[in-house]
Amino acid sequence: MAKNNRSGQATVITDSEFIKIRKQIKTEKYKLLLDLGWYTAERWGALIQLKVSDVYDSKGKPKDVLVFPAIIRKHRPDGTADTVEIPVHENLKETLSRFQPGNSEWMFPSRCGTKPVTWRNAYDVLKRATEKAGMGTKGISTHTTRRSLVNRLRKNGVDKAVIRKITGHRDNKGLDPYLEVDIDEVRAAIATL
């Protein structure tokens, strides 16, 4: 069931839908936030807490690997979380190379610059962009980028163990709800009989 009023799962979107939404975002800061979600599968709650030093080296060049420390990631019921390292995709590296972080220590600073933007503010930007793109009723949320990457990887034949390494899931029980099988895959499976 697609997400509706914080109920259900975030919709998985295609590359073309991602581009359509991205075009509706006006500021480079929020385009980059969307890109980071799209290419890392990290939750937006962690993305907005990134510091410039987490993403760029001392010379201002994008790092080859982004490290999401356990402290900023969602914690499990037992209070633990894992640090996750994600290699930077070439498309993301290009976007990062063009982006000019401001004087704040935060990648996504609030207006005052002394703290990061709130998740709610980031969500509102995404929501407005999806509405402008004509996809306001589709069930898109900040978790859409995470679910979409997981499903793109699965369709590309990436092993579940590798996907778990990227998402930080310890087992398939946590990962499986992210996986979506579309009707074309079912048709292709039946056609093999």
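The values are calculated or read from the model by the stated rules, or taken from the named source; none is laboratory data. These figures come from a predicted structure and were not determined experimentally. For neighbour counting, all protein chains shown are included, and Cβ atoms are generated from backbone atoms with ideal geometry for every residue, glycine included.
Taken as a whole, segment 57-67 holds at least one residue that is modelled with pLDDT of 90 or more, acidic (Asp, Glu) and surrounded by fewer than 13 Cβ atoms within 10 Å (Cβ to Cβ).
Applying the condition of being of a type outside the set (Gly, Ala, Ser), part of a helix (DSSP H, G or I) and under 18 Å from the mean Cα position of the chain (by Cα) to segment 172-191 and asking which residue is surrounded by the most Cβ atoms within 10 Å (Cβ to Cβ) yields TYR178. With respect to the conditions (1) under 21 Å from TYR178 (Cα atoms); (2) in contact with a helix residue (DSSP H, G or I) (Cβ under 7 Å, 6 or more places away or on another chain), GLU85 falls short on a single one, namely (2).
A Cβ distance below 6 Å, combined with a sequence gap of six or more or placement on separate chains, defines the contacts here; from segment 60-87, residues that are in a strand (DSSP E or B) reach residues that are among the aliphatic types (A, V, I, L, M) and exposed (fewer than 12 other Cβ atoms within 10 Å of the Cβ) in the pairs GLU85/VAL65; PRO87/VAL65. Checking the conditions here, which among ASP78, ASP35, ASP82 is at pLDDT 95 or above and of a type outside the set (A, V, I, L, M)? Among ASP78, ASP35, ASP82, only ASP35 is at pLDDT 95 or above and of a type outside the set (A, V, I, L, M).
Would you confirm, using the coordinates I've provided, whether THR130 is part of a helix (DSSP H, G or I), at pLDDT 90 or above, under 20 Å from SER53 (Cβ atoms) and β-branched (Val, Ile, Thr)? Considered against the rule, which asks whether it is part of a helix (DSSP H, G or I), at pLDDT 90 or above, under 20 Å from SER53 (Cβ atoms) and β-branched (Val, Ile, Thr), THR130 comes out as no.
Give just the number: which of (1) exposed (fewer than 12 other Cβ atoms within 10 Å of the Cβ); (2) outside any loop (DSSP other than H, G, I, E, B) does ASN103 not satisfy? Among (1) exposed (fewer than 12 other Cβ atoms within 10 Å of the Cβ); (2) outside any loop (DSSP other than H, G, I, E, B), ASN103 violates only (2).
Scan segment 148-171 and give yes if some residue there is among the hydrophobic types (A, V, I, L, M, F, W, C), within 15 Å of GLN49 (Cβ to Cβ), part of a helix (DSSP H, G or I) and touching a helix residue (DSSP H, G or I) at 6+ places or on another chain (Cβ under 9 Å), otherwise no. No: segment 148-171 contains no residue that is among the hydrophobic types (A, V, I, L, M, F, W, C), within 15 Å of GLN49 (Cβ to Cβ), part of a helix (DSSP H, G or I) and touching a helix residue (DSSP H, G or I) at 6+ places or on another chain (Cβ under 9 Å). The set of residues from segment 10-48 being more than 8 Å from the chain's Cα centre (by Cα) and among the charged types (D, E, K, R) comprises ASP15, GLU17, LYS20, ARG22, LYS23, LYS26, GLU28, LYS29, LYS31.
Scanning segment 35-59 for residues that are part of a loop (DSSP other than H, G, I, E, B) and within 13 Å of TYR123 (Cα to Cα) returns ARG43, ILE48.
Does HIS75 meet the test of being within 14 Å of the chain's Cα centre (by Cα), surrounded by fewer than 19 Cβ atoms within 10 Å (Cβ to Cβ) and of a type outside the set (Gly, Ala, Ser)? No: the conditions fail for HIS75.
For segment 22-34, the tally of residues that are assigned to a helix (DSSP H, G or I) and surrounded by fewer than 23 Cβ atoms within 10 Å (Cβ to Cβ) stands at 8.
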